[in-house]
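Data first, discussion second: the structure below is written as structure tokens.
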Amino acid sequence: MLLSPGQRILRAVAAWAVVMLFAFPIYYWVTVSIKLDREIFSIPPKVFSFETSAKSYEEVFGISLGFEQGLSVLPGGGDFYMTPRLWDSIVIAVCSTALAIVIATLAAYALSRMRFRGQHHFVFWILSTRMMPPVAVAIPMFFIYRDFGLLDTYHGVILIHALMNMPLAVLLLKSFFDDIPKEIDEAALIDGASRFLVFRKLVLPMAMGGIAATAVLCFIFSWTEFLFVLTLTQTGLKTVPVVSSTFVTSTGTAWGNMAALGTAAILPAFIFILLVQKNLVRGLTLGSVKQ
Amino acid sequence: MRESDRKLYLASVTDRYVRGDLSRRKFLRAASKLGLGAGALGLTATMPFGFRGGVFNTAAAAEIVPDADMMAWLKDVAKPFAGQTIRLATESTPPSNAINEHLKPFFEEATGINVEIEVLPLEQVLQKLTLDVASGLGTYDLYYLDQSWMASFSGDVLDPREKYAAKPDLAMPNYNFDDFLGPLVDGISMYDGIMVGVPYDIPIFIYMYRKDVYDELGLKVATTMDEFLANAQAIQKAKGPDIYGTTGQMKSGHYSLECDWTAWLWGHGGSIFGPDQKFSGNDAEGLEAMDYWVKLKENMPPGVTSWTWDGQGQSVAQGIAGQVLSWGEFFPSWDNPDASQVSGLMEAAIPPAPKALRTVEQTGFGEIPGVGHQGGSSLAVSKYSKSPDAAWLFAQWATSADTQVFITTLGGGTGPTRTSVYDDARVKANAKPGIPGTTRHLNVVRETIDNYMGSEPDLPEWAELANDTIPVELGRFFAGEYDSAKAAMDSIAEKTNKIVSG
């Protein structure tokens with residue numbers, strides 16, 4: 001359908017308006033991170049014109065950006081120095097995503113291609129593990145982790161995040177595998193390929209889009225998860241959502257520091273999504289047209 | 001030059017440097033004459049002390065020279081514990097931040113004991129400590145205990161006085177329990193004859209107002225509840241809505257709302273509990289307090305019912321409130337020109353006198369009525385700790401007079417818990433307007449603690465009542481869900497009595 005010039009302009013304006021609507025909160029959050037504290041809540045709000053300062057970033061990341069009197073800044077190691085916590089988040093999100101995807105891919109392929117007694121119940125059981133509110137599990141998990149020595153450890157948090165993501169990943173991936181014709185497997189099996197070879201060489205490459213989409217979801221779940229990290233860690237490690245709450249002090253909230261950490265925390269997730277973007281678009285549209 | 005003169009001179013030149021009256025070169029030259037290099041002055045690092053954007057006082061940071069005798073004693077006595085790790089879960093408060101940020105390394109270096117401090121919002125600290133106690137795990141060697149939790153944790157800690165007496169070899173010389181302000185020991189440390197912890201910090205309600213606004217309108221500092229309301233109304237009438245008469249921390253379901261309520265309740269001769277240990281906030285005095293509060297709220301910014309202490313503090317910092325009865329530890333942040341629009345404009349005064357005041361005997365569960373609501377906390381050694389002796393050494397050091405002086409001058413602004421700290425020359429040297437970490441409000445804080453302090457009741461159910469039951473129902477009242485204050489108070493009475501009776 002051909003659009004008139006007026007319609008094209010209208011469409012562009014509408015598109016920009018929608019983009020602005022979603023981008024403005026991010027813009028405002030970024031500006032909070034570079035404002036002076038006294039200007040964050042100024043009335044009326046200073047949206048575009050304000051005095052800038054890198055103080056929040058210097059405090060949160062313990063680095064000098066050269067804005068503050070030319071002084072060098074060393075890692076303080078205190079409450080607001082968050083670089084190690086950003087690293088904790090990256091390690092946990094990447095590893096838990098990898099673990100969840102590896103196991104879920106195998107499980108989903110089996111559920112998609114093989115038949116066994118009680119399969120439907122098994123799938124429902126997987127789904128049902130998502131029905132329980134995490135808060136109901138958090139405290140029992142604390143005691144289990146204590147007994148197994150998993151409290152406050154990377155592998156403990158990675159494990160719980162992988163377990164948390166597994167049901168969703170299995171079900172999502174199963175639907176992606178279901179969309180790949182079984183005939184491909186059967187042809188390869190007749191030609192003498194083993195089941196695992198079929199999985200590795202044929203089905204897996206075809207499902208990469210779905211796997212990427214699932215990985216993004218797992219990564220974001222882990223990146224933003226709060227309750228389990230809060231309950232199962234102490235001083236050894238913490239992720240960004242939990243340490244963000246430490247900016248809430250008895251005498252007020254350090255909004256500038258929180259915004260600085262939040263702004264920085266957008267980047268790893270953004271980079272991860274960029275890396276898998278090519279597959280992601282395919283994954284999200286895979287299966288949209290049934291044969 | 002005497003040590004005290006040297007420190008005061010150093011504070012003076014550093015202050016001039018921070019204000020820009022002294023060049024960096026001249027400052028370093030002056031400092032070097034005092035025997036301090038740039039590293040000792042903290043010039044190689046900006047200190048990320050984060051009390052709402054930088055109350056941190058550079059001048060005070062330059063003065064961290066711990067008492068040599070105390071550090072030598074710690075070094076000697078801690079030898080058996082070197083290499084041990086102790087953990088503390090605490091709210092992000094000025095003392096905890098100052099210790100974690102600046103002071104902890106001195107203790108660790110002297111003792112060889114590793115200190116790990118987990119900083120969390122208050123409700124998360126409660127969750128962590130509850131889990132620790134329930135599991136008996138001893139994950140945390142030290143507990144930061146809000147005064148409202150004293151009863152709940154009284155059976156899970158070591159009485160510091162008993163510990164001090166039982167282990168004379170670990171008893172810090174000149175620690176002096178009698179130096180702690182008497183009302184604080186009663187109000188935040190004691191439960192049922194047990195000293196649950198050592199007084200650690202003391203946020204307390206004081207009366208703070210905009211001197212420029214008061215001068216302009218010819219207002220006098222209120223000495224009564226009625227005058228406080230009249231001042232709020234006068235400011236609102238003359239300056240509103242640019243400047244509201246007062247402000248509040250009235251978020252539904254939040255502890256801050258309960259804190260505001262108690263100040264007005266006690267200030268009208270009411271109490272939370274009667275001597276029969278039944279809720280008494282719905283009696284005549286309690287309803288009079290609610291009536292007063294409703295009138296006061298008419299002079300507050302409209303967003304006040306969604307604010308905790310955070311929003312309340314910001315509203316004053318942004319210059320839209322003419323006066324407030326609230327936490328004194330806000331005061332230094334309002335004087336900080338980087339964080340506030342009212343730097344140098346605020347003044348502190350003792351709270352207005354109550355219309356009537358009940359005695360402790362006329363209340364229940366050890367409640368102490370007083371307009372100066374206190375939200376203090378204590379530092380306790382867990383009885384489940386695997387390193388109780390190392391933890392006890394840390395607790396003594398963290399609450400010693402010398403450490404408290406540094407905590408106070410570092411700019412947290414919280415009131416010290418020891419008498420001697422209020423009188424310390426280094427603390428008094430910071431009593432200037434318009435600087436981060438001012439201590440010019442501390443005389444008022446001290447007088448309020450001594451004479452006007454109010455403390456919440458001590459009962460195991462209080463954490464639930466103060467953090468949930470009462471503020472939820474008060475929030476419903478201000479949201480218009482009750483026809484009258486009496487209906488709201490009767491509802492609170494019913495729920496509270498049910499919880500207390502089990």
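The values are calculated or read from the model by the stated rules, or taken from the named source; none is laboratory data. Keep in mind the model is a prediction, meaning the values are calculated, not measured. As a convention, Cβ positions derive from the backbone with ideal geometry for all residues, glycine included, and neighbour counts pool all protein chains shown.
Residues in region B:102-116 that are touching a strand residue (DSSP E or B) at 6+ places or on another chain (Cβ under 8 Å) and more than 16 Å from B:Q396 (Cα to Cα): B:E116 alone.
The combined condition, being within 14 Å of chain A (Cβ to nearest Cβ) and under 30 Å from B:S135 (Cα atoms), is fulfilled by B:G376. Among the residues of region B:182-231, those that are in the same structural domain as B:I407 (by TED's automatic domain parsing), surrounded by fewer than 24 Cβ atoms within 10 Å (Cβ to Cβ) and in a loop (DSSP other than H, G, I, E, B) comprise B:D192, B:G193. So, of the residues in region A:56-69 that are modelled with pLDDT of 75 or more and within 7 Å of another protein chain (Cβ to nearest Cβ), which turns out to be farthest from B:N336 (Cα to Cα)? Filtering region A:56-69 for residues that are modelled with pLDDT of 75 or more and within 7 Å of another protein chain (Cβ to nearest Cβ), the one farthest from B:N336 (Cα to Cα) comes out as A:E58. Checking each residue in region A:238-254 for being buried (at least 22 other Cβ atoms within 10 Å of the Cβ) and touching a residue at least 12 places away in the same chain (Cβ under 8 Å) picks out A:K238, A:T239, A:V240, A:V242, A:V243, A:T246, A:F247, A:A254. Being of a type in the set (S, T, Y), assigned by TED's automatic domain parsing to the domain that holds B:V294 and over 17 Å from B:P275 (Cα atoms): is that true of B:T496 here? So B:T496 fails the test. Which numbered condition trips up B:I320, out of (1) in contact with a Gly (Cβ under 9 Å, 6 or more places away or on another chain); (2) within 19 Å of A:R38 (Cα to Cα)? So B:I320 meets the others, but not (1). For region B:96-138, the candidate set comprises residues that are small (G, A, S) and under 21 Å from B:S387 (Cβ atoms); within that set, the residue that is nearest to the other protein chains (Cβ to nearest Cβ) is B:S135. Total residues in region B:139-151 satisfying the condition of being away from chain A (no Cβ under 11 Å) and either among the charged types (D, E, K, R) or in a helix (DSSP H, G or I) (or both): the figure is 6. Listed by position, the helices (runs of 4 or more DSSP H) contained in region A:206-247 that have at least 2 residues being of a type in the set (A, V, I, L, M) and within 14 Å of chain B (Cβ to nearest Cβ) are A:227-232, A:240-244.
Yes/no per residue for (1) modelled with pLDDT under 95; (2) hydrophobic (A, V, I, L, M, F, W, C); (3) surrounded by fewer than 16 Cβ atoms within 10 Å (Cβ to Cβ):
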site: B:T448; (1), (2), (3): no, no, no
site: B:L459; (1), (2), (3): yes, yes, no
site: B:A463; (1), (2), (3): yes, yes, no
site: B:N467; (1), (2), (3): yes, no, no
site: B:I470; (1), (2), (3): no, yes, no
site: B:E473; (1), (2), (3): no, no, no
site: B:R476; (1), (2), (3): no, no, no
site: B:K486; (1), (2), (3): no, no, yes
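Cβ-Cβ contacts under 7 Å between residues 6 or more apart (or on different chains), taken from a first residue in region B:458-474 that is among the β-branched types (V, I, T) to a second residue that is outside any helix (DSSP H, G or I), are listed as B:V472/B:S252; B:V472/B:G253. Looking across region A:27-46 at every residue that is over 30 Å from the mean Cα position of the chain (by Cα) and assigned to a helix (DSSP H, G or I), the one that is farthest from the other protein chains (Cβ to nearest Cβ) is identified as A:E39. Filtered by the rule that a residue be surrounded by 11 or more Cβ atoms within 10 Å (Cβ to Cβ), among the aliphatic types (A, V, I, L, M) and modelled with pLDDT under 90, region A:126-145 gives A:I126, A:L127, A:V137, A:A138, A:I139. Criterion first (within 29 Å of B:K355 (Cβ to Cβ) and β-branched (V, I, T)) does B:V405 satisfy it? No. Test B:V445 against the stated conditions and say whether it is in contact with a Phe, Trp or Tyr (Cβ under 9 Å, 6 or more places away or on another chain) and not in a loop (DSSP other than H, G, I, E, B). Answer is yes for this residue.
Checked against (1) farther than 30 Å from A:T31 by Cα; (2) of a type outside the set (D, E); (3) modelled with pLDDT of 90 or more; (4) buried (at least 16 other Cβ atoms within 10 Å of the Cβ), A:M258 passes all but condition (1). Every listed requirement among (1) in a helix (DSSP H, G or I); (2) of a type in the set (A, V, I, L, M, F, W, C); (3) surrounded by fewer than 20 Cβ atoms within 10 Å (Cβ to Cβ) is met by B:L129 save one, (3). When we screen B:S333, B:S378, B:S343 for residues that are touching a residue at least 40 places away in the same chain (Cβ under 8 Å) and touching an Asp or Glu at 6+ places or on another chain (Cβ under 8 Å), the only hit is B:S343.
Restricting B:G253, B:G303 to residues that are at pLDDT below 95 and in a loop (DSSP other than H, G, I, E, B) narrows the list to B:G253. All of (1) surrounded by 24 or more Cβ atoms within 10 Å (Cβ to Cβ); (2) closer than 29 Å to B:G319 by Cβ hold for B:I243 with one exception: (1). Per the listing A:F176, A:F226, A:F148, the residue uniquely more than 16 Å from A:A98 (Cα to Cα) and buried (at least 22 other Cβ atoms within 10 Å of the Cβ) is A:F176.
One line per residue, one yes/no per condition, for (1) closer than 19 Å to B:C259 by Cβ; (2) of a type in the set (V, I, T); (3) more than 14 Å from chain A (Cβ to nearest Cβ):
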residue: B:F279; (1), (2), (3): yes, no, yes
residue: B:M290; (1), (2), (3): yes, no, yes
residue: B:G311; (1), (2), (3): yes, no, no
residue: B:I320; (1), (2), (3): no, yes, no
residue: B:S326; (1), (2), (3): yes, no, no
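Every test in (1) of a type outside the set (A, V, I, L, M); (2) in contact (Cβ under 8 Å) with a residue 60 or more places away in the chain; (3) part of a helix (DSSP H, G or I) is passed by B:K237 save one, and that test is (2).
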